[in-house]
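So the structure is just underneath, and the comments pick up after that.
The values are calculated or read from the model by the stated rules, or taken from the named source; none is laboratory data. Nothing here was measured: the structure is a model prediction, and the numbers come from that model. All Cβ positions, glycine included, derive from the backbone under ideal geometry; neighbour counts span all protein chains shown. Side chains included, ligands, DNA and RNA excluded: accessible areas come from the protein's heavy atoms. Shrake-Rupley method; radii C 1.70, N 1.55, O 1.52, S 1.80 Å.
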Amino acid sequence: MSSNEPAKPNHLEPSPLGTKEYWDNLYTTEITNHTQDKSDVGTIWFSGSSAEDKILPFLDEKIVGEKILGAEVGANNCSFLDLGTGNGHFLLRLRGVSEEDEDDDEEDGRQTWRGRMLGVDYSEKSIEFARRIVGDKKAEMESEVEFLWWDIMTQDPFAAGVLSGEQGNGWDVVHDKGTFDAISLSEEQDENGRRVCEQYKEKVVPLVREGGLLLLTSCNWTAEELKAWFEGGGLRTVGEIGYRSFSFGGKKGQTISSVCFMKQSSS
């Protein structure tokens with residue numbers, strides 16, 4: 001470890017949420033529920049903390065307002081890679097698709113993003129579920145959303161097509177809402193005896209183009225702990241998202257944390 005990089009936080013205790021079996025079973029159940037009731041789109045992770053409602057205006061401010069990705073990148077062409085896409089709900093929100101109980105775009109002022117979007121997940125059942133939901137919503141979208149079964153920890157991004165075409169050198173925005181959490185709960189180890197979460201940064205950084213963003217949201221790690229895991233080695237913090245806070249034992253905290261990193265140029 002470089003002397004100027006912070007020490008990594010202690011590992012989390014392994015949990016069933018860190019296993020592929022857990023997620024395959026979950027999405028099998030959610031597919032069944034959706035088949036019986038098309039309005040049932042499954043679990044929307046961190047909805048209790050209004051994560052997506054906070055993330056969307058943050059992206060609008062940074063990319064459209066501040067032009068953090070450059071003057072040429074905006075809502076019409078910004079590309080998004082969603083890691084651990086689950087039911088694909090976040091990408092549908094980016095596309096401007098509303099739920100029945102949500103206001104439309106003109107009422108809530110939400111930006112509609114039209115660039116390429118790809119959701120990936122290591123659970124094949126997740127991808128099947130996401131494709132079903134998008135199929136139901138296709139009439140509401142101006143642009144398509146792609147989904148691909150892909151395991152970031154074990155499969156090559158070039159061979160799988162995750163890095164291809166205009167995104168061959170990386171994506172404008174790589175989004176992770178709970179995926180690093182799940183990997184941090186896995187008890188699997190690499191050939192050197194390291195927990196697999198220690199490899200996550202080296203797997204995710206090549207997916208971000210130089211000058212692009214990595215946006216991480218976690219319910220298991222604080223903002224400072226996320227920075228300890230990811231800052232340095234080409235990434236620097238460019239923003240955080242504030243959520244409802246609470247106090248316990250004289251300390252103040254948030255139920256979840258979101259930190260945005262930028263990939264710096266290698267030159």
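Side notes on the structure shown:
- Qualifying residue in the range 55-72 (condition: under 23 Å from T222 (Cα atoms), of a type in the set (A, V, I, L, M), touching a Lys or Arg at 6+ places or on another chain (Cβ under 9 Å) and at pLDDT 95 or above): yes
- Taken together, the residues in the range 42-99 that are β-branched (V, I, T) and open to solvent by less than 20 Å² (accessible area, probe 1.4 Å) amount to 5.
- Reported count of residues in the range 175-205, each being over 24 Å from L56 (Cα atoms), in contact with a Lys or Arg (Cβ under 9 Å, 6 or more places away or on another chain) and surrounded by fewer than 22 Cβ atoms within 10 Å (Cβ to Cβ), is 5.
- Filtered residues of the range 162-174 (kept if surrounded by 15 or more Cβ atoms within 10 Å (Cβ to Cβ) and not polar (S, T, N, Q)): V162, L163, G170, W171, D172, V173, V174
- Within the range 206-243, tally of residues that are touching a Leu at 6+ places or on another chain (Cβ under 8 Å) and open to solvent by 30 Å² or more (accessible area, probe 1.4 Å): 2
- Members of the range 104-161 found to be acidic (D, E), under 23 Å from W23 (Cβ atoms) and either open to solvent by less than 30 Å² (accessible area, probe 1.4 Å) or part of a loop (DSSP other than H, G, I, E, B) (or both), listed by number: D121, D151, D156
- Criterion (in a strand (DSSP E or B) and modelled with pLDDT under 95) met by exactly one of G239, G253, G193, G211: G253
- Residue that is farthest from E146 (Cα to Cα) [pool: residues in the range 62-94 that are among the charged types (D, E, K, R) and part of a loop (DSSP other than H, G, I, E, B)]: E66
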